[in-house]
Each structure stands twice: as structure tokens, then as C-alpha cells.
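Structure record follows, encoded as C-alpha cells.
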Amino acid sequence: MALSTFVVASFYGCTGGDGSGPVSSPQKGPTQILKSFELQDIQQGVRSMLLQSIEGRIFEEQHEAELTKPFVTFYSSGNVSSVLRAPNGKVDMQTKEIEAWGGVTVVTPDSATLTTERLRYDPKRKKIISKESVRLEKPDSITEGAGLESDPELKVVKIGKQIVRFKTAGAIR
């Protein structure tokens, strides 16, 4: 299985404090700050995920990037299956596992909308997972509960302690 990753970004703050060159001593802060951060996950020649962020703060030793306003587009068979937006997040640069928090939404092309405070994407299992309270709104129903495991398309969804209400003629029952 071929696995490719591309990172495209504008570099900012990648030199020592005096502007003399790359920082070589260990730091507690990020080793790089990237504006217009992008990361793609391509599996078997097909894009499965595109992560974009206003800013990515790279921590090379941990193989992580902290993200400002991450926007993730998930793909299935080359087509957009859903988009995720959040105020904050982080990504493991090696595994492509993503965590997002601060009011996360996932929206599919058919307008199914998942909202939660925090979730993560497991690229090996191709699942989005949350232990928090969740709300999944579809054209015909609203499901609320605690904890979630789903495919990014929001087609196969498991919600714990769920309450389902159905919409009929503009009303919710």
C-alpha cells in the first residue's frame, strides 16, 4: 500500500532569535510556525483527507502540529464525503491522526451535521470518535447522546445513550 503525504505552507519564525539561521538547541516552543498549513493523506493514489489550517505550530520531536481553525475535507472514492471545522486542533504528522476541539462540526454533502465539543479522526480505522456529548442532525431526525464512533460520511454511526427525535412537517417529536 502506497502512502504519500504532502505539506504545503509558508514558513515563519524558523530561525534563531537573532535571525542567524535555523534553531539547533531544543526548545519548549514550536520548532516552526507555518502559515496556511496544509497536509494531505493519499492512499493507493487516492486522496482520503485534506487538512488546512490558518496556522500550524510544528513540534518536530513529538511529530505534532498544533492547529488554528483546522478545516478538514474527507474524501471517499475521490469525492468529498464530509468537512470538519473547529477552532483548535492538532495532527500527528506521521500517523495523520487528528484531534479537534472547542466546538467541532462535521457536515456531509446531504446536510447531515454532527456537533460536539471534541473529537478525533483515526485514519487507520477511518473513523471519527468522540467521548463527549454529541448531536447529529439529519433532514428527518435529530439524535443526541454521549460518545460517538462513525465513518466520516456519517452513514454508519454509533452513539451511546442516544435520544432520537423525528422531524415531521417542520416539527420535532
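Key figures for this structure:
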quantity	calculated
Residues of the range 86-145 satisfying the condition of being among the small types (Gly, Ala, Ser), out of contact with any Leu (no Cβ under 7 Å at 6 or more places or on another chain) and over 15 Å from Ile159 (Cα atoms)	Ala86, Gly102, Gly103, Ser111
Residues located in the range 124-141, provided they are surrounded by 12 or more Cβ atoms within 10 Å (Cβ to Cβ) and either out of contact with any strand residue (DSSP E or B) (no Cβ under 7 Å at 6 or more places or on another chain) or of a type in the set (S, T, N, Q) (or both)	Lys126, Ser130, Ser133, Lys138, Ser141
Filtered residues of the range 93-112 (kept if more than 15 Å from Glu66 (Cα to Cα), without any contact (Cβ under 8 Å) to a residue 40 or more places away in the chain and outside any loop (DSSP other than H, G, I, E, B))	Gly103, Val104, Thr105, Val107
Every residue from the range 142-173 that is farther than 25 Å from Glu97 by Cα and loosely packed, with under 15 Cβ neighbours inside 10 Å	Lys161, Ile163, Val164, Arg165, Phe166, Lys167, Thr168, Ala169, Gly170, Ala171, Ile172, Arg173
Any hit, the range 43-60, residues being exposed (fewer than 15 other Cβ atoms within 10 Å of the Cβ), of a type outside the set (Val, Ile, Thr), at pLDDT 90 or above and within 24 Å of Val104 (Cβ to Cβ)	no
Out of Thr73, Thr115, sole residue that is under 14 Å from the mean Cα position of the chain (by Cα), in a strand (DSSP E or B) and over 20 Å from Ile42 (Cβ atoms)	Thr115
Residue among Ser82, Ser130, Ser76 that alone is touching a residue at least 40 places away in the same chain (Cβ under 8 Å) and touching a Ser or Thr at 6+ places or on another chain (Cβ under 6 Å)	Ser82
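The values are calculated or read from the model by the stated rules, or taken from the named source; none is laboratory data. What you are looking at is a predicted structure, and each value in this text was computed from that prediction instead of being measured. Ideal geometry is used to build each Cβ from the backbone, glycine not excepted, and the neighbour counts take in all protein chains shown.
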